[in-house]
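Encoded as structure tokens, the structure appears first; notes follow it.
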Amino acid sequence: MGPAVTLVKDSLPAARKPRPAASATTGRRPGRRRENLAGYLFMSPWIAGFLLLTAGPMVASLYFAFTDYNLFNTPKWVGFDNFTKMFDDPRWQKSVEVTAKYVVIGTPLKLLLALGVALLLAQSRRGQAFYRAAFYAPSLIGASVSVGFVWRSLFSDDAIVDRTQSLFGWHVGGWVGNADWVLYSLVALTVWQFGAPMVIFLAGLKQVPKELYEAAEMDGAGPLRRFWNITLPMISPVLFFNVLLETIHSFQIFGSAYVVSNGTCGPADATLVYTCYLYEQGFRNAQMGFAAAMAWMLLVAVALVTAVLFWSQKKWVHYEEDAR
């Protein structure tokens, strides 16, 4: 039986192997290439702008940071001299002190006010949309130069703030001309612009399940305990985002300090924030190499603060993925 079967199999025609089906994507390759080309064409203005207006100037400023450059002569390589001179400069140290004080005082106050107003607006009440728009409006106009002029007028001698505080027996004069108080006028300006973080807080509060509050209330938890044990942990990612964003924004203060001080960053360097001194060195004293070194030092400082915040958030920020 074995040989017979073998002969029969040998006599049968060999079965043809099926040809592999043509790839469905083969005919689409030219179309995909055209789509990719169209996408790159639409992106080309942004790419060109990023290379010419962001990446290019950053690379150039990094080079200038190690040179003696005054915008008129050829840059001369000096190594780390700009950084050494920076740490020995008492006005640079003053600018770091003023900026740190502004960040430490202004950022928490702004976030506390934003969270407090968000808690009030999270409750259903009549005219809620109007209040949201009214509280958010200062964030849209607060950074303008015109608001800086208005703010300087409000806190000048014999202005509305000076007259109001005199009614309560507080005679310190206008804050703008007082070296001990002028920085607090800038803090008041940034706190007044609490609308943006308020909206973010409000969105986070809307995501907290009401069942948690109802269960805690049935267990006898009061308002403060519910806020501390439910609200804060549930909105901690939003709180972290606002802290990070507002801290970085506070380090970049320039316009309000420059306008309120009338371009002097005074009096007595009381409003000499870091970017104000950077502007002075780069464009008034034509020390562009020194200013570039200051800019990169600010970038390093902000990066370190950001890294510390990201490291600390593991201990107090609670995400939904962690609870699963």
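Can you tell me which residue within the range 41-80, out of those that are hydroxyl-bearing (Ser, Thr, Tyr) and over 29 Å from the mean Cα position of the chain (by Cα), is farthest from residue 297 (Cα to Cα)? Per the criteria, the residue is 74. Reported count of residues in the range 228-254, each being part of a helix (DSSP H, G or I) and in contact (Cβ under 8 Å) with a residue 24 or more places away in the chain, is 18.
Here are some residues: 152, 163. Which one is touching a residue at least 24 places away in the same chain (Cβ under 8 Å), open to solvent by 40 Å² or more (accessible area, probe 1.4 Å) and assigned to a helix (DSSP H, G or I)? Step by step, each of 152, 163 is checked, and only 152 is touching a residue at least 24 places away in the same chain (Cβ under 8 Å), open to solvent by 40 Å² or more (accessible area, probe 1.4 Å) and assigned to a helix (DSSP H, G or I).
The rows are residues; the columns are (1) part of a helix (DSSP H, G or I); (2) without any contact (Cβ under 8 Å) to a residue 24 or more places away in the chain.
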{"position": "256", "(1), (2)": "yes, no"}
{"position": "267", "(1), (2)": "no, no"}
{"position": "279", "(1), (2)": "yes, no"}
{"position": "286", "(1), (2)": "no, no"}
{"position": "296", "(1), (2)": "yes, no"}
{"position": "299", "(1), (2)": "yes, yes"}
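Of the residues making up the range 100-125, those that are crowded, with 18+ Cβ neighbours inside 10 Å and out of contact with any Phe, Trp or Tyr (no Cβ under 7 Å at 6 or more places or on another chain) are 102, 106, 107, 111.
When residue 271 is tested against (1) in a helix (DSSP H, G or I); (2) open to solvent by less than 40 Å² (accessible area, probe 1.4 Å); (3) of a type outside the set (Gly, Ala, Ser), exactly one condition is not met: (1).
Considering only residues in the range 61-99 that are in a helix (DSSP H, G or I) and open to solvent by less than 40 Å² (accessible area, probe 1.4 Å), the one that is nearest to residue 305 (Cα to Cα) turns out to be 99. If you filter the range 311-324 down to residues that are in contact with a helix residue (DSSP H, G or I) (Cβ under 8 Å, 6 or more places away or on another chain) and not in a loop (DSSP other than H, G, I, E, B), you find that the one that is surrounded by the fewest Cβ atoms within 10 Å (Cβ to Cβ) is 316. Of everything in the range 126-149 that is more than 17 Å from the chain's Cα centre (by Cα) and surrounded by 15 or more Cβ atoms within 10 Å (Cβ to Cβ), the residue that is farthest from residue 187 (Cα to Cα) is 132. Looking across the range 127-181, the residues that are touching a Leu at 6+ places or on another chain (Cβ under 7 Å) and β-branched (Val, Ile, Thr) come down to 160, 161. When residue 143 is tested against (1) assigned to a helix (DSSP H, G or I); (2) within 24 Å of residue 250 (Cβ to Cβ), only condition (1) is not met.
The values are calculated or read from the model by the stated rules, or taken from the named source; none is laboratory data. Note that this is a predicted model, so its numbers are computed, not measured. All Cβ positions, glycine included, derive from the backbone under ideal geometry; neighbour counts span all protein chains shown. These area figures cover heavy atoms from the full protein model, side chains too; ligands, DNA and RNA do not enter into them. Shrake-Rupley method; radii C 1.70, N 1.55, O 1.52, S 1.80 Å.
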